[in-house]
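S.K.: I'd like to ask you about the structure that follows.
The values are calculated or read from the model by the stated rules, or taken from the named source; none is laboratory data. Keep in mind the model is a prediction, meaning the values are calculated, not measured. Neighbour counts are summed over all protein chains in view; Cβ atoms, including those assigned to glycine, are modelled from backbone coordinates with ideal geometry. The protein model used for the area step is the full one, side chains on, heavy atoms only, and it has no ligands, DNA or RNA in it. Shrake-Rupley method; radii C 1.70, N 1.55, O 1.52, S 1.80 Å.
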Number of protein chains: 2
Amino acid sequence: MNRLYHYALSPYSRKVRLVLAEKKIEVELVEEKYWEQDPDFLRRNPAGKVPILKLGNKTLSDSSAICEFLEEAYPDPALLPKSADARYEVRRLVAWFDDKFHAEVTSKLMGERVFRKVMGTGYPDSANVKAGSRAIKYHLDYMTWLLDQRRWLAGNDMSMADFAAAAHLSCLDYISDVDWNRSEVVKDWYAKIKSRPAFRSLLADQVPGFLPPAHYANLDF
Amino acid sequence: MNRLYHYALSPYSRKVRLVLAEKKIEVELVEEKYWEQDPDFLRRNPAGKVPILKLGNKTLSDSSAICEFLEEAYPDPALLPKSADARYEVRRLVAWFDDKFHAEVTSKLMGERVFRKVMGTGYPDSANVKAGSRAIKYHLDYMTWLLDQRRWLAGNDMSMADFAAAAHLSCLDYISDVDWNRSEVVKDWYAKIKSRPAFRSLLADQVPGFLPPAHYANLDF
């Protein structure tokens, strides 16, 4: 059986879950509290992070390397476009969310509000929370600018870039940190992606100690 | 004229410089002190980082998205192998160096010893320097383990993974932070990559205020 070692509120795990589900690759989800550095987990994964994908006899790490592998080994449906220019734009945006958005928003809001508590590293630092709340506005505005010109974030077809963005935003939505009233086009985009069958397992996530808002799993939010 | 906005001791800039040079794509190098957030630079590059590649009428950002684009648009010589499994291994290792090695080693040693000074953010934090000096040993041992089984880091052909690793190590070597006596196979690997024509421009780098050690540009170090 294929297995994904993941953590429910890890955006990198969610990105891989979305790609696996779109490509109809079945996996058993195994929750991994990776910060506890369980020796068995570290043996499977010297990088010590989630997600880790056990696929047949392979053990794969790094969410972007996993997604590129899945795209090459399971090309249908395509989540990367054909031309080098369009593929570049998808990869640029995946990196935008996984690096820049993560550093400026996800790590600040999730890091302070969720991981402090589950990792037991003290109270949230309100300066970080404020910085994250400020930064997400600029990112939503950037997404609005992109979506004013395109059907999906990286072009006219849905791609990995949409999954990377939705992975981060869905984690933040779980803790009520996304103001969906800020942008009609971003809300419409999220409604489209949220209603995909691939998204269902994310909407069913429950993290002990953190109750998602009522609109979290609601397709009409 | 193609242009690369870069910083000499940015490992991400160096990785792209190596890939451009291997593929014989000529660029003019423009030094960018990206932390000064020059408005012209930010207009070209909302992510505010180096490297940025101006290639014809395109402006490309994110070092890994740039390298994947260059591989697709200029496939010769190939810096990614053919099979999905082998490509995965290259991408996993590129991410290993650009994320994990960077977080544990480069950001600690370069960050404290170089960027504190050039950015004017105070004295080096010796706890970080110590942590980086400790962590590089484990990484050199991991490289030794890989190179005991393979000619190059990701397999029997030279790839992006070697350039990612050499980009970080060459920055650290500029500030004398690599103990080449720790591993014969890593030293041999670095000697091979250092002697490539693509490496010449990196060995000629001079950063004001930081004098590289005598062995830095020496092919027989």
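S.K.: What whole number of Å gives the distance from the Cα centroid of the range A:161-201 to the Cα centroid of the range B:55-108?
M.R.: Each part reduced to its Cα centre gives a spacing of 28 Å.
S.K.: Sticking with this one: Could you give the accessible area per residue of the range A:102-210, probe 1.4 Å, as a whole number in Å²? Intermediate values should be presented prior to the final figure.
M.R.: Numbers: 4980 Å² over 109 residues.
In whole numbers, the range A:102-210 has 46 Å² accessible per residue.
S.K.: In angstroms, what radius of gyration and Dmax does the protein assembly as shown have, counting Cα atoms only?
M.R.: Computed over the Cα atoms of the protein assembly as shown, radius of gyration and Dmax are 21.6, 66 Å.
S.K.: Let me ask something additional. Quick one: pull the percent of accessible area on the range B:84-196 belonging to carbon and sulfur, 1.4 Å probe, ligands and nucleic acids left out.
M.R.: That share works out to 48 percent.
S.K.: Solvent-accessible area per residue for the range B:41-95 at a 1.4 Å probe radius, Å²?
M.R.: Details: 2220 Å² over 55 residues.
Ligands and nucleic acids excluded, the result is 40 Å² per residue.
S.K.: Can you give me the distance in nm between label points at residue A:200 and residue A:179, each placed 7 Å from the Cα along the Cα-to-Cβ direction?
M.R.: Simple spin-label model gives 3.5 nm for this pair.
S.K.: Does chain A classify as rounded, prolate or oblate by the C-alpha gyration tensor (a ≥ b ≥ c root eigenvalues; a/c under 1.5 gives rounded; else a/b over b/c gives prolate, otherwise oblate)? Let's see the in-between values first.
M.R.: Values: a/c = 1.56, a/b = 1.02, b/c = 1.52.
Oblate.
S.K.: Select from B:65, B:164, B:78 the residue whose mean-square fluctuation is largest in a Gaussian network model of chain B (Cα-Cα springs shorter than 10 Å).
M.R.: Most flexible of the set in this elastic network: B:65.
S.K.: Continuing with the same structure: Can you list the aspartates and glutamates whose alpha carbon is less than 16 Å from that of residue B:49, not counting same-chain residues fewer than 8 positions off?
M.R.: A:98, A:99, A:104, B:31, B:32, B:36, B:38, B:40, B:62, B:98, B:99
S.K.: With solvent modelled as a 1.4 Å probe, how much accessible area in total do chains B and A shield from it at their shared surface, in Å² to the nearest 100? Write down the numbers at each step before the final one.
M.R.: Numbers: alone 10880 and 10880 Å², together 19800 Å².
By this definition, chains B and A bury close to 2000 Å².
S.K.: Ok, one more. How large is the translational diffusion coefficient of the range B:1-132 in µm² per second when you combine the Kirkwood radius over alpha carbon pairs with Stokes-Einstein at 4 °C and 1.567 mPa s?
M.R.: My calculation gives 80 µm²/s for D.
S.K.: Which value, in Å³ per residue, describes the convex hull spanned by the Cα atoms of the range B:110-179? Before the final figure, lay out the partial values.
M.R.: Values: hull volume 5.9 nm³, N = 70.
Each residue corresponds to 84 Å³ of Cα convex hull volume.
S.K.: May I pose another question? Over the Cα atoms of the range B:128-221, what is the Rg over Rh ratio if Rh follows Kirkwood? Provide the component values of the computation, followed by the final result.
M.R.: Values: Rg = 13.2 Å, Rh = 13.8 Å.
Rounded to two decimals, Rg/Rh equals 0.95.
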